[in-house]
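Take a look at the structure below.
The values are calculated or read from the model by the stated rules, or taken from the named source; none is laboratory data. Keep in mind that this is a model prediction, so the values were computed, not measured. Reconstructed Cβ throughout: ideal geometry from the backbone, glycine too, with neighbour counts over all protein chains shown.
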Amino acid sequence: MYSTIMVPVDLAHLGTLTKALSTATDLAKHYDVPVVYVGVTSAAPGPLGHTPEEYGDKLSSFAAEQANAGGIKTSSQTLVSHDPTTDVDDALLQAVKDTGADLVVMASHLPGLADYVWPSNGGKIAAHSSASVFVVRG
Amino acid sequence: MTDQSTDQGIPEPEGASDIIQTDYEIGQDNIEAQIGPFGLDIHNPVFLISGVSIIAFVFYALALPDQAGEFFGWLRPALTSTFDWFFLSAANIFVLFCLILIVSPWGGVRIGGKDATPDYSYPGWFAMLFAAGMGIGLMFFGVLEPAYYFGTPWGDAPLGVVRPFDENGMLIEANVEEARRMALAATSYHWALHPWAIYAVVALALALFSYNKGLPLTIRSAFYPIFGERVWGWTGHIIDILAVFATLFGLATSLGFGAQQANAGLEHIYGIPNNVTVQVILITAITAVALISVVRGLDGGVKILSEVNMVLAFLLLIFVLFAAGAGTILSEFAAGLVAYTQEVVPLSNPFGREDTGYMQGWTSFYWAWWISWSPFVGMFIARVSRGRSVREFIICVLLIPSFVCVLWMAVFGGAAINDMIANGADSMVKANVIDNYSPELSLFAMLESLPLAAITSTLGIILVIVFFVTSSDSGSLVIDTITAGGKIDAPLPQRVFWCTFEGAVAIVLLIGGGLTALQAMVISTGLPFTVVLLLMCIAIVKGLRSEPR
C-alpha cells in the first residue's frame, strides 16, 4: 500500500511527538516499510548542534534508537533552511519529494485562532503534497 | 535494522573548522511559553530588559521633552566634537584592518568551515547587504551632501576648499572646478570605504564566531575570545541589550524622519498635506509591508524586496545618468574616483585639522552614526554571508559597495552640481540646499532639473519607502534573533512583535515629539560601540588564527 513513511521531527520538542512516533512505528510494521525521520535546522548554531552535521548526527542516532525500539527500518534526513521559522513547510514539501515518501505521519496541535491566519504545517503539507498525510492530534 | 543515514539536505560537507568548546548551550537561558495561540521562546533577561528600557526611554522623551531634547541635543555634538580624533582614527583602523585581511593568508579562511558553499548567489547577497546597510541614506544625502559641500556658506567646507559663489550668489568661475572636485571627494569619503569597513568588521566577527566557532548568532559571541565564559552572563547581556536598544531606536527614529521626508516629497509633487496624520499613515503602511516581509521570511520576503529595491534604484540611477548627460557624468565618476583617491588621506587625518566644521559636524557625526547602526547591519550581513571566504567577503562588503556608492554620489551629486553651475541663482538645488536649507526636498529639486520629473519623483518616493521597508524587516529579524539568545528559529509572533513595536515607537515619537532627542541618543551609543568594534578586530584576529585555511 505504501512504500516509505516520512515523519517530520522537532528534536527540541520530542515530548509532543510521542503519539505520532508510535503511530508511525505501528504503520511501518503493519505495511513492512521503512520510516525516514526528517528534521529542519538552520546553518547557524542552535541548541541542537553547532553545525548542520552535529544536528544530522543527533537525528541519525534518534533514527537508530527508533529502529531498535520498534523493530523497523529507519533512516534520517536533515534539511537546512535559511529561515526555519517561516520555511519549514516548504522544506518538508521538498523532503517528501526527495525521500519519495508516500505517507507522511506528523504531529499537530489543536487548531486555534492563529490557524485562521497561518495554516498549520500539517494543513499545508496535505494541501500541497501528493503523499497521504496523517495528522496525529497530540 | 539498519541506519541508512542520508544527509543530502546539508549543503555540502563543511570540512574542517575550529569549534569553540563551551559548556554553554544555546537557548539554555531561554524561556519557552505559550500565551494563548502564540508560542514564545525568548532570552531571559535580554528580551524583557530591552523591551522595558525602550518603553522607559520613550516615556522619558514624552514626559520631559525639553529636558530630553536639551540633554541629548547637547550630548551628541559634545561627543562627536570631543572624540572626533577617536572616531576618525578608529574608522581608519577598520579600513586598514580590512584591507590587510584581503591580502593576508587569513583571507583564505571560509565562513562556515573549509568546504562550506555560499547560501546566496552574488546578486541576492549583494542586494540584501546593500539594502540593509545604506539604502535610505543614498536617497537623502545623494543630492544634499555634494551640493552642500559645493556651496556651503557656513564655514564647514571640507579641507577649507574655496567657495564657488560670491556674496551675491554669483558664480566665481575660477573656483568652480576645485569646489566641485572636493565636494565629490568629501561625499565619497563618507560613503565609500570607511562605513563599509565598519560594517565589515562587525559582520565578519559575528559570522566567524557563529558559523565557524559554533557560538550563537548574537553580538556577545564575538567577545568570547576576550571575556571567555563571562559573555554568557551579565557582560554579554549588557552587550546584547545595548545592541537591541541602538537598533530599535535607530530604526524607529529613521522611520519617523523617513515618513517626514516622504511626506515632504508627496506635498511637493502632489500637494498632499504635510502633517502628522499623513506621516502616521505612511509609517503604518511601511510597517505593514515590513510585516508581510518578515512573515514571508528571509528568502520569500526580505531577499525579494531587497532585489526589487536594487532594480528600482538602478533604474533611477540609469535615468539620472542619461538625463543629465552620460558622458559628462561618467567623466564625473572617473574624476570622483580620482579625487577620492587623492583626498582620502588628508580627509581622514584625525589630527591638526583646521576644517573642524566639516570634520566634527559631518565626518565624526557620520562615523558615530554608522557605528551605532553596525550591530544591526553587521549581524544581518553575517547571517547571509555563510560560505564566502574572508577575502571574498571583504571584497564584496567593502570594495564593491564603495564603488557603487562613489558612482551613486557622482551621478546624483554631479547632476545637482551641474544644475547649480548651469542655472546659478535660479537653480532649484541651490534654492533648497543653500539659500533655504530644506534637505528633505534636495533630491526632488535635482530631479526637477531633469525631464520627466513627475515620474522620477514618484519613483524617488517609492524608493524612499521601499528602502525603509528593507531596513525595517531585516532589523526586526536581527532584534528577534538577539532577544531569542541567538536562536534563529524563534516562533513567528516574536518577529511580528518587534516589527510592530518599532512602528509603534516611531508613531509615538512622531506625535509626541522626541524623534530628534532619541536619534541623538542613538548616535551617542556610537562612542561605546567604537570601543566594542576595536575589541572585535582583536577577536577576529584571535579567531582567524586558529582556523584552517
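Need a quick list: helices (runs of 4 or more DSSP H) entirely within region B:441-549 having at least 3 residues that are within 22 Å of the chain's Cα centre (by Cα). Those helices (runs of 4 or more DSSP H) span B:453-483, B:492-512, B:515-524, B:526-545.
Looking at region B:348-355, is at least one residue touching a Leu at 6+ places or on another chain (Cβ under 6 Å), at pLDDT below 90 and part of a loop (DSSP other than H, G, I, E, B)? Looking for residues that are touching a Leu at 6+ places or on another chain (Cβ under 6 Å), at pLDDT below 90 and part of a loop (DSSP other than H, G, I, E, B), one finds at least one in region B:348-355, hence yes. Picking from residues in region B:386-399 that are closer than 13 Å to residue B:192 by Cα, in contact with a helix residue (DSSP H, G or I) (Cβ under 7 Å, 6 or more places away or on another chain) and surrounded by fewer than 24 Cβ atoms within 10 Å (Cβ to Cβ), the one that is farthest from the other protein chains (Cβ to nearest Cβ) is B:395. Restricting attention to region B:30-47, the residues that are free of Cβ contacts under 8 Å to residues at least 60 places away in the same chain and under 18 Å from residue B:231 (Cα atoms) total 1.
Within region A:22-44, residues that are more than 9 Å from every other protein chain (Cβ to nearest Cβ) and of a type in the set (Val, Ile, Thr) have Cβ atoms under 6 Å from residues that are buried (at least 19 other Cβ atoms within 10 Å of the Cβ) and in a helix (DSSP H, G or I) in these pairs: A:35/A:24; A:35/A:28, counting only partners at least 6 apart in sequence or on another chain.
The criterion of being in contact (Cβ under 8 Å) with a residue 12 or more places away in the chain, of a type in the set (D, E, K, R) and more than 23 Å from residue B:219 (Cα to Cα) does not hold for residue B:110. Just to be sure before I move on: is residue B:404 closer than 12 Å to residue B:192 by Cα and touching a helix residue (DSSP H, G or I) at 6+ places or on another chain (Cβ under 8 Å) in the structure I sent? Taking the combined requirement at face value, the residue satisfies it.
Per-residue answers, yes or no, for (1) over 11 Å from the mean Cα position of the chain (by Cα); (2) closer than 19 Å to residue B:95 by Cα; (3) buried (at least 24 other Cβ atoms within 10 Å of the Cβ); (4) within 14 Å of another protein chain (Cβ to nearest Cβ):
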residue	(1), (2), (3), (4)
B:342	yes, yes, no, no
B:346	yes, yes, no, no
B:350	yes, yes, no, no
B:357	yes, no, no, no
B:362	yes, yes, no, no
B:370	no, yes, yes, no
B:378	no, yes, yes, no
B:384	yes, no, yes, yes
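A count restricted to region B:62-98 and to residues that are in contact (Cβ under 8 Å) with a residue 40 or more places away in the chain and either closer than 30 Å to residue A:80 by Cβ or among the hydrophobic types (A, V, I, L, M, F, W, C) (or both) stands at 18. Looking at region A:45-70, which of the residues that are more than 14 Å from residue B:214 (Cβ to Cβ) and within 7 Å of chain B (Cβ to nearest Cβ) is surrounded by the most Cβ atoms within 10 Å (Cβ to Cβ)? Only one residue tops the list, namely A:63.
State whether the residues of region B:403-415 include one that is surrounded by fewer than 23 Cβ atoms within 10 Å (Cβ to Cβ) and either closer than 15 Å to residue B:149 by Cα or among the polar types (S, T, N, Q) (or both). No, region B:403-415 contains no residue that is surrounded by fewer than 23 Cβ atoms within 10 Å (Cβ to Cβ) and either closer than 15 Å to residue B:149 by Cα or among the polar types (S, T, N, Q) (or both).
If you take the residues in region B:123-155 that are more than 24 Å from the chain's Cα centre (by Cα) and outside any helix (DSSP H, G or I), which one is modelled with the highest pLDDT? Within region B:123-155, the match that is modelled with the highest pLDDT is B:152.
Looking at region B:180-191, can you tell me whether even one residue there is basic (Lys, Arg) and farther than 30 Å from residue B:302 by Cβ? Checked against the condition, which is being basic (Lys, Arg) and farther than 30 Å from residue B:302 by Cβ, region B:180-191 yields at least one hit. Of everything in region B:297-314 that's over 18 Å from residue B:119 (Cα atoms) and crowded, with 17+ Cβ neighbours inside 10 Å, which residue is farthest from the other protein chains (Cβ to nearest Cβ)? Top of the filtered list is B:313. Residue count for region B:374-391, restricted to those that are out of contact with any strand residue (DSSP E or B) (no Cβ under 9 Å at 6 or more places or on another chain) and outside any loop (DSSP other than H, G, I, E, B): 12.
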